[in-house]
Amino acid sequence: MHSPLLVRLPTQEEVDSFWADGVVCLRGALDPDAVLAMAPAVERLLQESVGETMHDMSALGAGLAAAGGTVLTGGVAGKGRFVSGTDHWRVDADCRAFALDPGLGALAATLLRSQQVYLWEDSILVKEPDTVEQTAWHQDMGYFHARGEQVCTTWIPLDRADAETGAMSFVRGSHRDGALYRPNWFVSQQSMEGTEGLEVPDIPALAAAQRVEVLQYALGPGDLTVHHARTLHAAGGNLSQHQRRRAISIRYCGEDVRYHFRPGAPRKPHHEQVQEDDPLGGPDCPRVWG
Ligand SMILES: O=C(O)CCC(=O)C(=O)O
């Protein structure tokens, strides 16, 4: 295997943590230089693709607030923007090479205990300094037209991500409750219209009452977290006045995953060509490992 990215695979202990907690933090698993080499691609997409593959989530939040919705800003205004998008691998050669890197595929295969790994989608998530929009508590599975247990998201920062700059938080073991939660608008706990599942509970209240445990990791380039698609997670705003928080997250599926259509969740163009229960694969959901 030739991977410019992978430094080491997860240990057995890390694999066990992933399945027990629904998330694992892998320190020093990636080459920081190879991660930082994605900075120009991130910049290019920020410059050229807002409104196409990238979306201004701060503007979306302002629209929801104007329509009477509640946006997670902590009640303050900020000068920074939260911009995010998906499926850059389809339009950008660097993003494609990164998402299809066999080292990341092997890392996901090890954690998912799967012989084969498929790429579902990639995301870029940038919170500029002084971005007040938090990422709402959500479960990835509600957004995916897929079923199966071998589904994970790798979250790879290009900057220091900590409690100040917008680290991710995870509800420990939440992937094991079997619940499907309705997808929301990412900067608001408001669920998307027409979607099925439970409303995401008030996690800060449950954590304050010690009814759930929230895990958070400070990460730098070369570190990553990998969470299960059923794990409830969120991220803070970026309260730093000078430090950006750029991240690439890539979602991978293992061999037990099949297409499964969920009412109301956003569809990708190729979903028109696949049927319920079809296996993954082909050019729109390529095999990365195995
Ligand atoms: O980076 C963020 O703010 C949220 C990312 C996230 O929820 C994900 O990649 O699954």
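The values are calculated or read from the model by the stated rules, or taken from the named source; none is laboratory data. It should be emphasised that the depicted structure is a prediction, and the values quoted were computed from it without experimental measurement. Methodologically, a virtual Cβ is constructed for each residue, glycine included, from the backbone with ideal geometry; neighbour enumeration extends over all protein chains shown. All accessible areas refer to the heavy atoms of the entire protein, side chains included, with ligands and DNA or RNA removed. Shrake-Rupley method; radii C 1.70, N 1.55, O 1.52, S 1.80 Å.
Summary table
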| quantity | calculated |
| --- | --- |
| Members of the stretch 169-191 that are open to solvent by 20 Å² or more (accessible area, probe 1.4 Å) and either within 11 Å of the ligand (Cβ to nearest atom) or closer than 24 Å to Val126 by Cβ (or both) | Trp185, Phe186, Gln189, Gln190 |
| Residues that are of a type in the set (Gly, Ala, Ser) and within 10 Å of the ligand (Cβ to nearest atom), drawn from the stretch 150-168 | Ala161, Gly166, Ala167 |
| Among (1) touching a Leu at 6+ places or on another chain (Cβ under 9 Å); (2) closer than 27 Å to Gly78 by Cβ; (3) outside any strand (DSSP E or B), the one test that Thr225 misses | (3) |
| Subset of the stretch 119-138 that is in contact with a Phe, Trp or Tyr (Cβ under 7 Å, 6 or more places away or on another chain) and hydroxyl-bearing (Ser, Thr, Tyr) - its residue that is farthest from the ligand (Cβ to nearest atom) | Thr131 |
| Criterion violated by Gly75 - all others in (1) loosely packed, with under 14 Cβ neighbours inside 10 Å; (2) touching a residue at least 24 places away in the same chain (Cβ under 8 Å) satisfied | (2) |
| Of the criteria (1) surrounded by fewer than 18 Cβ atoms within 10 Å (Cβ to Cβ); (2) in contact with a strand residue (DSSP E or B) (Cβ under 6 Å, 6 or more places away or on another chain); (3) of a type in the set (Lys, Arg), which one Arg246 fails | (1) |
| Candidates Pro269, Pro201, filtered to the one that is out of contact with any Pro (no Cβ under 7 Å at 6 or more places or on another chain), of a type outside the set (Ser, Thr, Tyr) and surrounded by fewer than 15 Cβ atoms within 10 Å (Cβ to Cβ) | Pro269 |
| Count of the stretch 1-51 residues which are of a type in the set (S, T, N, Q), surrounded by 16 or more Cβ atoms within 10 Å (Cβ to Cβ) and free of Cβ contacts under 8 Å to residues at least 60 places away in the same chain | 2 |
| Strands (runs of 3 or more DSSP E) contained in the stretch 22-97 and holding at least 2 residues in contact with an Asp or Glu (Cβ under 7 Å, 6 or more places away or on another chain) and more than 12 Å from Ile124 (Cα to Cα) | 23-26 |
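Yes or no, residue by residue, for (1) surrounded by 15 or more Cβ atoms within 10 Å (Cβ to Cβ); (2) acidic (Asp, Glu); (3) within 17 Å of the chain's Cα centre (by Cα):
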position: Ile250; (1), (2), (3): yes, no, yes
position: Glu255; (1), (2), (3): yes, yes, no
position: Tyr259; (1), (2), (3): yes, no, no
position: Arg262; (1), (2), (3): yes, no, no
position: Asp278; (1), (2), (3): no, yes, no
position: Asp284; (1), (2), (3): yes, yes, no
position: Val288; (1), (2), (3): yes, no, no
